[in-house]
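Data block below; observations after.
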Protein chains: 2
Amino acid sequence: MSGRFTVTYRIATADSADARTRAEAIAREQTLEAPPEATTPAIEAALLGRVDALHRDGEAHVAQISYDPNSAGPDFAQFLNVMFGNSSLQRGLKVVGLDAGPIASLHAGPRFGIDGIRRLCGRPRGGMIAPVLKPMGLAPADLALIAGRCAAAGADIVKEDHGLADQPSAPYRARLPRIVEAVAEANARAGARTLYFATLAGTHEHLEDNIAFARQAGVDGLILMPGLTGFGLVARLAAEGALPVMTHPAFLGGWTAAPGSGIAHDVLFGTLMRLAGADISVFPNWGGRFGFTQGECLAIARACRDAAGAGRPMLPSPGGGMSVERAGEMASAYGEDVVYLLGGSLLAMRERIGDGIYRMREAIDAATGS
Amino acid sequence: MSGRFTVTYRIATADSADARTRAEAIAREQTLEAPPEATTPAIEAALLGRVDALHRDGEAHVAQISYDPNSAGPDFAQFLNVMFGNSSLQRGLKVVGLDAGPIASLHAGPRFGIDGIRRLCGRPRGGMIAPVLKPMGLAPADLALIAGRCAAAGADIVKEDHGLADQPSAPYRARLPRIVEAVAEANARAGARTLYFATLAGTHEHLEDNIAFARQAGVDGLILMPGLTGFGLVARLAAEGALPVMTHPAFLGGWTAAPGSGIAHDVLFGTLMRLAGADISVFPNWGGRFGFTQGECLAIARACRDAAGAGRPMLPSPGGGMSVERAGEMASAYGEDVVYLLGGSLLAMRERIGDGIYRMREAIDAATGS
């Protein structure tokens, strides 16, 4: 394989000699993880990470370190391991950029992307609206009723909450077929094409069976949480290409909780999700219950959609305490190639949930001129 | 199921009214994730998280929030999702304690634990020594040669580096049988019982086959990285009980990188690894290349071994830039129920690697009085 992939790290030191030492140590830590006396010249030449650039940036330094793709091999997990496996445990170190280079060609990337999802739900233009089915505790029939109402009102994607797993109140295998049926009925009545995305759940030994079950039951897409089940599963479903993938940020917060460490918001929820093969990447919008800033959110959206990025452009999906009232503001900032999530505030409208979706549609269309 | 599980959160606010509001919001976020208007009284009563205690601690507050096990169901990933899925994305919030309560009985926990691993490697007393096979780039025969030398010198566990994946230099299926053979030969010659732990690798679609392959090839244990492949896989291998599990901290650093957010070191590398079913938990020792303090490391060891903890007591395994020279200091602090990792500094001794292991044994035995 030719070419290398490059990770940009921010190192929290203003001292350039210290920064150089730390950068060289990262290049070794992430690959050979052994001193030269324990390796060979051939291995050093072939696989040791390389500090290609280092410059001061305010009170810190920014280092570009490139890696041979053979240090990662074909596995997405091992690619992340080289990127930030051990060195993530260091203090004052943050991944702020990623040029996947030859790694992109090893993975399928988003199989549907913006165009594919638009085709599936029959919405060639305008923002897409995705109500969230919840809360946990509702029975499958209750969730199916809400799903049907959302589909009847023209939602583009009815998605399950990430917290709907395999609880006794609505077991995975009882729930999915009921909701598929309800959405299909509403679609048939309205001549619409609302999609239904289910949250992949179940213990690890049932994962394979539960993926097959979802496909057979007729869901239109799966929601995965890479923080809980790994990015490799995203890459694998994308490679199969049978079902669109929506990723959810649950249990990924450690990476973005502190400004000087972890992984930059746009790299994590944009570049990496897209490289792994997500068609839609959910993340918390600014001004909701989470601490993401507007700048961080718009950077995520750019990384998802940038024509120059690796893999098909895919859909950012801001959520987390959003409401119809904020739809116009959000649509003005994000534009139309977006899946707008609507959760608790919409569900609180109960049997008038359809009105909420109509109003959301009007507000988004007005803001984007669709 | 009776009883509840309790998560202790540190909330970065000195204002008690603000802390109360945030604690109540976490209890809702992690369960129903919807306002009361979108739920039912029965669901609120059954599944909403409950703030059982809240008190000020310096400039912050500490909240104990308990959850009904039915909010998680049988899946380890969903249990983590309730513990810290969405709220991990908030600023200034940290998990500092976990009482698994009824969740512990849903999972097998460590199947071998301290006693089981000691039985397998025939070391009833004293610290255990685990040299690390690396670097990436070596061929299977080279790695097997090192493994044989380590076994001949009485290493307790020969473990692969977490960075040995499925690279072309030493593909998983070519590597494992060679090392199994080399360790078996050395064991036969020395009348010893050195164990060989392999790093589970390969793309997600080959994961099942690669687990079966490792078992058939005759490895004695598997190394898993929950940060890359999820805690659910640990729980599943523990449930099967066929092979001991060693967990490695790669790509978990986001959780411990900042003092005010993430997950406390002892909860992550002790309580959670043990609950998931790891028999051995690797983490970076203080004073090495990582920023863990002695206090954090000893707290991890306590959480691994505490007789009052959930699941069989298991083995802490400090590593990361350790050396024979530091063995005495480490053994004095940690005691003997420990797997001491030795990587680069040992490998740099090359054909004298056996001497390094003998000296390590002497230093540990002297410090622990074994």
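Within region A:242-262, at least one residue is out of contact with any strand residue (DSSP E or B) (no Cβ under 9 Å at 6 or more places or on another chain) and open to solvent by 10 Å² or more (accessible area, probe 1.4 Å).
Among the residues of region B:1-18, is any touching a residue at least 60 places away in the same chain (Cβ under 8 Å), open to solvent by 50 Å² or more (accessible area, probe 1.4 Å) and of a type in the set (D, E, K, R)? Scanning region B:1-18, I find at least one residue that is touching a residue at least 60 places away in the same chain (Cβ under 8 Å), open to solvent by 50 Å² or more (accessible area, probe 1.4 Å) and of a type in the set (D, E, K, R), so the answer is yes. Of the residues A:212, A:192, A:188, the single one that is without any contact (Cβ under 8 Å) to a residue 12 or more places away in the chain and more than 26 Å from residue B:224 (Cα to Cα) is A:188. When B:301, B:348, B:331, B:366 are screened for being touching a residue at least 24 places away in the same chain (Cβ under 8 Å), in contact with an Asp or Glu (Cβ under 9 Å, 6 or more places away or on another chain), more than 27 Å from residue B:241 (Cα to Cα) and among the small types (Gly, Ala, Ser), only B:331 passes. Could you tell me whether residue B:362 is open to solvent by 30 Å² or more (accessible area, probe 1.4 Å), in the same structural domain as residue B:151 (by TED's automatic domain parsing) and under 15 Å from the mean Cα position of the chain (by Cα)? Considered against the rule, which asks whether it is open to solvent by 30 Å² or more (accessible area, probe 1.4 Å), in the same structural domain as residue B:151 (by TED's automatic domain parsing) and under 15 Å from the mean Cα position of the chain (by Cα), residue B:362 comes out as no. Among (1) more than 27 Å from residue B:335 (Cβ to Cβ); (2) within 8 Å of chain A (Cβ to nearest Cβ); (3) modelled with pLDDT of 95 or more, where does residue B:260 come up short? With respect to (1) more than 27 Å from residue B:335 (Cβ to Cβ); (2) within 8 Å of chain A (Cβ to nearest Cβ); (3) modelled with pLDDT of 95 or more, residue B:260 is out only on (3). Which of the residues that make up region A:111-142 are assigned to a helix (DSSP H, G or I), within 14 Å of chain B (Cβ to nearest Cβ) and in contact with a strand residue (DSSP E or B) (Cβ under 8 Å, 6 or more places away or on another chain)? Selection gives nothing. When the residues of region A:189-205 are filtered to those that are modelled with pLDDT under 95, part of a helix (DSSP H, G or I) and not hydrophobic (A, V, I, L, M, F, W, C), the one that is least open to solvent (accessible area, probe 1.4 Å) is A:204. When A:311, A:254, A:232, A:287 are screened for being outside any helix (DSSP H, G or I) and either within 11 Å of another protein chain (Cβ to nearest Cβ) or under 21 Å from residue A:103 (Cα atoms) (or both), only A:311 passes. Checking each residue in region A:290-308 for being in a loop (DSSP other than H, G, I, E, B) and either closer than 17 Å to residue A:99 by Cβ or open to solvent by less than 40 Å² (accessible area, probe 1.4 Å) (or both) picks out A:290, A:291, A:292, A:306, A:307, A:308. Here are some residues: B:120, B:164. Which one is at pLDDT 95 or above, among the aliphatic types (A, V, I, L, M) and buried (at least 24 other Cβ atoms within 10 Å of the Cβ)? Only one candidate passes the filter, namely B:164.
Taken over region A:90-102, residues that are within 18 Å of the chain's Cα centre (by Cα) and either in a strand (DSSP E or B) or at pLDDT below 95 (or both) amount to 5.
Yes or no, residue by residue, for (1) in contact (Cβ under 8 Å) with a residue 40 or more places away in the chain; (2) outside any loop (DSSP other than H, G, I, E, B); (3) farther than 18 Å from residue A:271 by Cβ; (4) open to solvent by 30 Å² or more (accessible area, probe 1.4 Å):
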residue	(1), (2), (3), (4)
A:31	yes, no, yes, no
A:42	no, yes, yes, yes
A:45	no, yes, yes, yes
A:63	yes, yes, no, no
A:88	yes, yes, no, no
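The values are calculated or read from the model by the stated rules, or taken from the named source; none is laboratory data. Please read all numbers here as calculations on a predicted model, not as lab measurements. Backbone-built Cβ (ideal geometry, glycine too); neighbour counts: all protein chains shown. These area figures cover heavy atoms from the full protein model, side chains too; ligands, DNA and RNA do not enter into them. Shrake-Rupley method; radii C 1.70, N 1.55, O 1.52, S 1.80 Å.
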